[in-house]
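> Once you've had a glance at the structure underneath, I'll fire off some questions.
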Amino acid sequence: MVIDSPHNQHVKFFRSLRDGKGRRESGCFLAEGARLIAEALAAEWPIEAAAVCRELLAPAAAEVASALCQGPWPCHEMTARAFRALTAEQSPQGVAIAARQKIVDLADLKLGPRDVVVGAWQLRDPGNLGTLVRTAEFLGCAGLVAVGECVDLFEPKTVRATAGAIFRLPLAEASEQVFVAWAKSNNVRIIATASEGGAPPDRLSVRGPVAVLIGSEAHGLPESALSVADAIMTISRSGKVDSLNAAVAAGICIYWAVGQLNKSGKGKDGEE
């Protein structure tokens, strides 16, 4: 049966995942579009239910729709009217899933001597947080920790901005105090980032594992974060623009940290 009513219980369930309350109560989050869902399928991510709308189905989503319809989860076929009632996208591709949330316990995040973990400290912008997840996964980080009052890791805009990295990168949540205590007890060197007052990356020498702290774009890291850092890093400015986008600055800092640790783990001839 094809669901047409926007008030159908299954439509309401998917729509509820657009809100924090619905995500907390169900333990699921909404993921839409061919790319995101293909990444979830490739990662064998647990899926609670799927929705497919053939009227809206983009050509790139046809293979994904077929896989969803053949999966072990309930797959609800919907009309455009019903699907548009649940989607968080302006131009939906006709495929959506209710995926199970996965948060690892911070104590279970074990780091080796060349590992980097990202500390997203009170990030409030979902696009920046999602891009940070994407960047951390791309650069081979061991995980990302949402520290303090961050935007929801599973908010639809955050999920979309990860470009599928959310299905591959270990994610954790912690208060500021718990995160700092974990880092100190596990000999994780904390590198804070600041728009001014810190050392440029090429003047820092680090030993791993490392936690790179990234603050909000509007306010940066608070003094409470800077005060617990083992070092503070500032990207040197050559132009006149006064600041970088948080995700761009994070990418530079994480790339440097990963490169430093990989370099320090090799001998003069490049061998381990």
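What follows draws every value from the coordinates through simple rules; no lab data is involved. Since the structure is predicted, the reported quantities are computational estimates derived from the model, not experimental observations. Cβ: placed from backbone, ideal geometry, glycine included. Neighbour counts: every protein chain shown.
> If neighbour count is taken as other Cβ atoms inside 10 Å, put 224, 236 in order from fewest to most.
Values: 224 13, 236 9.
Fewest-to-most Cβ neighbours within 10 Å comes out as 236, 224.
> Considering only 159, 180, 133, give the residue with the highest GNM mean-square fluctuation for the chain, with springs between Cα atoms whenever their separation is below 10 Å.
Result: 180 has the largest fluctuation of those listed.
> Report ³J(HN,Hα) in whole Hz for each residue of region 129-140, in order, from the Karplus equation J = 6.51 cos²θ - 1.76 cosθ + 1.60 where θ = phi - 60°; Gly and Pro get x.
5, x, 5, 5, 4, 4, 5, 4, 5, 4, 8, x
> In region 106-264, what % of DSSP beta bridges are antiparallel (nearest 5)?
5
> What per residue convex hull volume, in Å³, comes out for the chain when only alpha-carbon positions are used?
Numbers: hull volume 42.1 nm³, N = 272.
So the per-residue Cα hull volume is 155 Å³.
> Please pull out the direction-averaged projected area of region 61-152, using the convex hull of its alpha-carbon atoms, in nm² to one decimal place.
On the way: hull surface 34.1 nm².
So the Cα hull casts an average projection of 8.5 nm².
> Taking 4 °C and 1.567 mPa s as the conditions, I'd like the Stokes-Einstein D for region 106-264 in µm²/s, using the Kirkwood hydrodynamic radius from alpha carbon pairs. Don't skip to the end; give the middle numbers.
Working: Rh = 15.3 Å.
After rounding, the answer is 85 µm²/s.
> Run the numbers for residue 218 and residue 42: contour at 0.36 nm per residue of separation, minus the present Cα-Cα distance, in nm. Write out the running numbers ahead of the final one.
Details: separation 176, 0.36 × 176 = 63.36 nm, distance 3.59 nm.
Gain on extension, residue 218 to residue 42, equals 59.8 nm.
> Cα gyration tensor of region 110-186, axes a ≥ b ≥ c as square roots of the eigenvalues: rounded (a/c below 1.5), prolate (a/b > b/c) or oblate?
Numbers: a/c = 2.55, a/b = 1.29, b/c = 1.98.
Oblate.
> How far apart, in nm, are two points set 7 Å out from the Cα along the Cα-to-Cβ line at residue 104 and at residue 12?
3.8
> What are the ³J(HN,Hα) values, in whole Hz, obtained from phi via the Karplus relation 6.51 cos²θ - 1.76 cosθ + 1.60 with θ = phi - 60°, for each residue of region 231-238 in sequence order, with x given for Gly and Pro?
Using θ = phi - 60°, the values come out as 7, 10, 10, 10, 7, 5, 9, 10 Hz.
> Please list, in chain and number order, the residues 5+ apart from residue 213 or on another chain whose amide H is under 5 Å from its amide H, with Hs placed from the backbone.
119, 191, 192, 193
> Same structure again: Largest first, please: the extent of the C-alpha atoms of region 134-173 along each principal axis, to the nearest Å.
Its Cα atoms span 25, 19, 13 Å along the three principal axes.
> When a footprinting reagent is the concern and you count Cβ atoms within 10 Å, what order do 219, 76 take, fewest first? Please report the intermediate quantities before stating the final value.
On the way: 219 9, 76 25.
Least crowded to most crowded, the residues run 219, 76.
> Related question: Can you put 118, 2, 188 in order of Cβ neighbours within 10 angstrom, beginning with the fewest? All intermediate terms of the calculation are to be shown ahead of the outcome.
Details: 118 28, 2 12, 188 22.
Exposure proxy ranking, most exposed first: 2, 188, 118.
> Next up: May I ask you to compute the full-extension gain from residue 236 to residue 178, defined as 0.36 nm times their residue separation minus their alpha-carbon distance, rounded to one decimal in nm?
On the way: separation 58, 0.36 × 58 = 20.88 nm, distance 3.13 nm.
Extending this stretch completely gives an extra 17.8 nm.
> Tell me which trypsin sites (Lys or Arg not before Pro) from region 26-126 have a DSSP coil assignment and no more than 11 other beta carbons within 10 Å of their own. Mind showing how you got there, number by number?
Numbers: sites: 35, 54, 81, 84, 100, 102, 110, 114, 124; in loops: 54, 102, 110, 114, 124.
Answer in residue order: 110.
> Okay, moving on. Excluding residues fewer than 8 places away in the same chain, name every one of the aspartates and glutamates whose C-alpha is closer than 13 Å to that of residue 12.
List returned: 4.
> Nearest 5 is fine: what % of DSSP beta bridges in the chain come out antiparallel, could you say?
Numbers: 11 of 37 bridges.
Antiparallel bridges make up about 30 percent of those DSSP assigns within the chain.
> While we're here: If only Cα atoms are counted, what is the Rg of region 9-100, and what is its Dmax, in Å?
11.7, 34
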